[in-house]
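For reference, the structure discussed in these notes is given below.
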Amino acid sequence: MFEGRIDRRRIVVFTAALLLAGCKVIPSGPKNPPPPPPGDSLPSDQQRHRVALLVPLSGPNADVGQSIANATTMALLDTSAKTIRITTYDTSSGPAAAASKAVADGNRLILGPVQSEDVAAIAAVARAAKVPLISFTSDGQVAARDVFVMGTTPDNAIARTVAFARSRGALRFGLLAPNGDYGARASAAFNAAVKSSGGTVIASSTYDRSNTSVLSAAQRLRGRGTFDAILVADGARFAVLAAPRLKPSAAASPRLLGTELWSGEGTIARTPALRGAWFAAVSDTRFRQFSESYKARFGAAPYRLATLGYDSVLLTVRIGRDWKAGTPFPASRLTDRDGFLGLDGPFRFGAGGLIERALEVREARAGGLSIVSPAPEKFAD
């Protein structure tokens, strides 16, 4: 093998030429393309596939939603897609209402939403109309046979990191995880990954998300055995706090491991106790060129989540080649085992809607983060 929170920082990074299972896309084109059409002006033509984009366009997450909407427009322009029409609906006034409008307008596929808490309401409306969702959340718990999760899940990232650690000789593992839903999911994923890779979980320790609790939990774990590697299943703030308690200063062991929550967190590389730590993330290789093209068109840097909107359109364009206009979206095509290629690298969906991404492994060093295991270019099975 190789949470639903929003990263609100704008990250300017890189993208080269792009393929989607044979569809080559190079982000380029004129400035200021036309904005996505509003939900109340759907054209009446019957020659294009109608696809709904459900994102927040007002309220506190409006900038994120607009960045994703802009990225879907870029994808349509970059692919010169003539058979796909995307209509944008604002989820801020109510996800169920947005979904009802999208279904009533004849859309056969829904891209979105961004927030995992909106999925249930939208899926209830879409499911009755047999309209599948490709959501932008990373919460694997909302996945279903007709709800596909595009965000990187902790299961995927942890499995990749553990497999890499085992390939480098780690056998005895420890776990430091927060109480709550994310910690429970990360713990289950970690235990499964260690078992399948032939390692052993020696001990684990949990904490409430507070400074004193994580320090105490880290100290308890340190006293429960000798570890080759310890996963800190949380974001940068708690990893920075726990690291000095888990590993002696300048020691090579135990190797500290992180999750997808570490991606984009500069404090990871700036913390001496985290030097040598490993974590898995989507490759940024293609994001830089995408970001430059986006800035040329829209005058600002995209949010990192914008690539999910772009890649969801590439996926739709690819499948749209064999999708007859006016018929249901062929959702079975989404589970093609060969997968698809987007700005964030190769990805594919399982039958239950969970995404599997080809992730790279990064190591925290004094000068920053280094890639110690590049993302595979394709899936091996």
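Too long at a 32 Å Cα-Cα cut-off: which of Lys247/Lys295; Lys82/Lys130; Lys130/Lys295; Lys101/Lys324; Lys324/Lys378; Lys295/Lys324? Result: Lys247/Lys295; Lys130/Lys295; Lys295/Lys324 exceed 32 Å. How much of the DSSP beta bridge set in the chain is antiparallel, as a percent to the nearest 5? Percent antiparallel among DSSP bridges in the chain is about 40. Each part gets one Cα centre, and for the stretch 102-167 versus the stretch 332-355 those centres are 12 Å apart.
Given a 1.4 angstrom probe, what's the average accessible area per residue across the chain, in square angstrom?
Working: 15220 Å² over 381 residues.
Value returned for the chain: 40 Å² of accessible area per residue.
Based on the Cβ-Cβ distance of Ala96 and Ser370, what FRET efficiency does E = 1/(1 + (r/R0)^6) give at R0 = 56 Å, to the nearest 0.05? The value I calculate is 0.80.
A simple spin-label model places the labels of Ala104 and Asn179 4.5 nm from each other, with each point 7 Å out along Cα-to-Cβ. Net length available on complete extension from Arg127 to Asn211 is 26.0 nm, with 0.36 nm assigned per residue and the Cα-Cα distance removed.
In whole percent, what relative contact order does the stretch 180-297 give with Cα contacts below 8 Å and a gap of six or more residues?
On the way: 123 pairs, mean separation 22.7, N = 118.
Relative CO of the stretch 180-297 lands at 19 percent.
At full extension, Thr226 and Ser332 could sit 33.5 nm farther apart than now, given 0.36 nm per residue minus the alpha carbon distance.
Candidates Phe379, Val125, Gly151 compared by Cα position along the dipole of the chain: farthest toward the positive end lies Phe379, with charges placed on Cβ.
Dividing the summed helix terms, -39500 (n - 2.57) for each DSSP H run of n ≥ 4, by the number of residues in the chain produces a 222 nm estimate of -10000 deg cm²/dmol to the nearest 500. Would you work out which of Phe290, Val114, Val361 lies farthest towards the positive end of the dipole of the chain? Charges go on Cβ: Lys and Arg +1, Asp and Glu -1. The listed residue farthest towards the positive side: Val361.
The charge dipole of the chain, taken about its Cα centre with unit charges on the Cβ of Lys, Arg, Asp and Glu (plus for the first two, minus for the last two), comes to roughly 720 debye.
The values are calculated or read from the model by the stated rules, or taken from the named source; none is laboratory data. All values derive from a computational prediction rather than experimental measurement. Please note: Cβ atoms are built from the backbone with ideal geometry, for glycine as well, and neighbour counts cover all protein chains shown. With ligands, DNA and RNA removed, areas are computed over all heavy atoms of the protein, side chains included. Shrake-Rupley method; radii C 1.70, N 1.55, O 1.52, S 1.80 Å.
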